[in-house]
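Below: the structure, in structure tokens.
The values are calculated or read from the model by the stated rules, or taken from the named source; none is laboratory data. What you see is a predicted model, and the numbers here were worked out from it, not measured in a lab. Don't worry about glycine lacking a Cβ; one is built from the backbone with ideal geometry, like all the others, and counts go over all protein chains shown. With ligands, DNA and RNA removed, areas are computed over all heavy atoms of the protein, side chains included. Shrake-Rupley method; radii C 1.70, N 1.55, O 1.52, S 1.80 Å.
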Amino acid sequence: MAASRELLEICLCPTWVWCQWFGGFGSPRTVGKGLFATQLIRKGETIFIERPLVASQFLWNALYRYRACDHCLRALEKAEENAQRLTGKPGQVLPHPELCSVRKDLHQNCPRCQVTYCSAECRLAAAEQYHQILCPGPSQDDPRHPLNKLQEAWRSVHYPPETASIMLMARMVATVKQAKDKDHWVRLFSHFCSKTANEEEEIVHKLLGDKFKGQLELLRRLFTEALYEETLSQWFTPDGFRSLFALVGTNGQGIGTSSLSQWVHACDALELKPQEREQLDTFIDQLYKDIEAATGEFLNCEGSGLFVLQSCCNHSCVPNAETSFPENNFLLHVTALEDIEPGEEICISYLDCCQRERSRHSRHKILRENYLFVCSCPKCLAEADDPNVTSEEEEEEDEEEGEPEDAELGDEMTDV
């Protein structure tokens, strides 16, 4: 089945792909979807750029002053401000401040609730799609407001590192409530793969922990009080809410933005004398060490979004494409890692580069726990006869056998 016009409308560059239902080796279900090339795609080419149907910053991330556009998640802090906050050093100064891409003169606030956007375009886009429903007006900081009660309940059950947000679901409902053509949006959201009841419970358990049933019911009640919509009445039933929760849990694509990262990339592109380049690189290396000491791994404005075409891309432990957010906002780029022939499936990896280097058993464990499928990509098939032990167990066995401490440095460096 070729990608529908509705899918292609959300792509922002020529799309060289078509979507087909089939049973793929990296499909989250036995029968799923796959994305295939319609013509030769060269290594390094952008296959497509996609805007999410909805996106939302993680709630703890926002609470801890990671300032991002409320619509597109573009980082709002100047690179130097970002560095000062992350290092805990108010006097931190960055060289080449002219390389910072943040334009504070373009920032705008919602006139009613004062949430911040990176531009007039984002403020208007949010207002036209969902914000009229979700805007709390002067009750933005009132803990008794239904949306604030929902967000506080979510933060009490889903702690950092965050992987989802109840507000992504809220924006789905608000989008439908506010739309003139409600069926159009319902069809778009229906493109995402569904799960069985048992699979949905596993996903909810993963997100909320051992007491997930009581927590899920509390969230459903608060969600209903804040957002009930007759058109979507099924989403507010216990079964429907669990399904909606599972949809976001498995299809939500993480989004990360950073003005500091953009500044570093701009510094990398500078043409400098060797001594100046060494001084700048040394400065940046020390800056990241200071950030790690003060903040740890939480560097970016973080959130998630629902991308229809990206969700059609199946997993492979040897992917031929990768996703990224080079524009410092929610626009997702899918780029070819190698030449892709016409008719060849376009696969990304649901694992990071370190996880992909772990044993087949370790990779399968991560994929089963987070995505509920067993991978049968070429790499996994080639390693089918390998021992069924995790990377940690392999290291323990090596130590017991008296191998030198650095013999398995690769595994040590890739443990997650």
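Taking Phe298, is it open to solvent by 60 Å² or more (accessible area, probe 1.4 Å) and more than 29 Å from Ser349 (Cβ to Cβ)? No: the conditions fail for Phe298.
Would the range 304-314 turn up any residue that is open to solvent by 40 Å² or more (accessible area, probe 1.4 Å), within 25 Å of Leu168 (Cβ to Cβ) and either in contact (Cβ under 8 Å) with a residue 12 or more places away in the chain or out of contact with any strand residue (DSSP E or B) (no Cβ under 6 Å at 6 or more places or on another chain) (or both)? Within the range 304-314, none of the residues are open to solvent by 40 Å² or more (accessible area, probe 1.4 Å), within 25 Å of Leu168 (Cβ to Cβ) and either in contact (Cβ under 8 Å) with a residue 12 or more places away in the chain or out of contact with any strand residue (DSSP E or B) (no Cβ under 6 Å at 6 or more places or on another chain) (or both).
Kindly evaluate Arg242 against the criterion of being touching a helix residue (DSSP H, G or I) at 6+ places or on another chain (Cβ under 7 Å), open to solvent by less than 70 Å² (accessible area, probe 1.4 Å) and modelled with pLDDT of 95 or more. Here the answer is no, as Arg242 does not meet what is asked.
If I ask for residues that are open to solvent by less than 40 Å² (accessible area, probe 1.4 Å) and touching a residue at least 60 places away in the same chain (Cβ under 8 Å), which ones from the range 132-150 would you list? The answer is Leu147, Leu150. Filtering the range 82-100 to residues that are over 18 Å from Leu270 (Cα atoms) and without any contact (Cβ under 8 Å) to a residue 12 or more places away in the chain leaves Gln84, Pro90, Gly91. Count of the range 271-285 residues, restricted to those that are in contact (Cβ under 8 Å) with a residue 40 or more places away in the chain and either within 30 Å of the chain's Cα centre (by Cα) or on the phi > 0 side of the Ramachandran plot (or both), is 1. Among the candidates Phe36, Phe58, the residue that is open to solvent by less than 70 Å² (accessible area, probe 1.4 Å), among the aromatic types (Phe, Trp, Tyr), at pLDDT below 95 and at negative phi is uniquely Phe36. In the condition set (1) under 20 Å from Arg171 (Cβ atoms); (2) at pLDDT below 85, Thr196 is compliant with all but (1).
The residue list Tyr130, Tyr66 contains one member that is among the hydroxyl-bearing types (Ser, Thr, Tyr), under 26 Å from Val157 (Cα atoms) and either in contact with a His (Cβ under 7 Å, 6 or more places away or on another chain) or part of a loop (DSSP other than H, G, I, E, B) (or both), which is Tyr66.
When you look at Cys375, is it in contact (Cβ under 8 Å) with a residue 60 or more places away in the chain and touching a Gly at 6+ places or on another chain (Cβ under 9 Å), yes or no? When the stated conditions are applied, Cys375 passes them.
For beta carbons closer than 8 Å, sequence separation of 6+ or different chains, a first residue in the range 200-214 that is farther than 14 Å from Thr250 by Cβ and a second that is in a helix (DSSP H, G or I), the qualifying pairs are Leu208/Gln215; Leu208/Leu216; Gly209/Gln215; Phe212/Glu201; Phe212/Val204; Phe212/His205.
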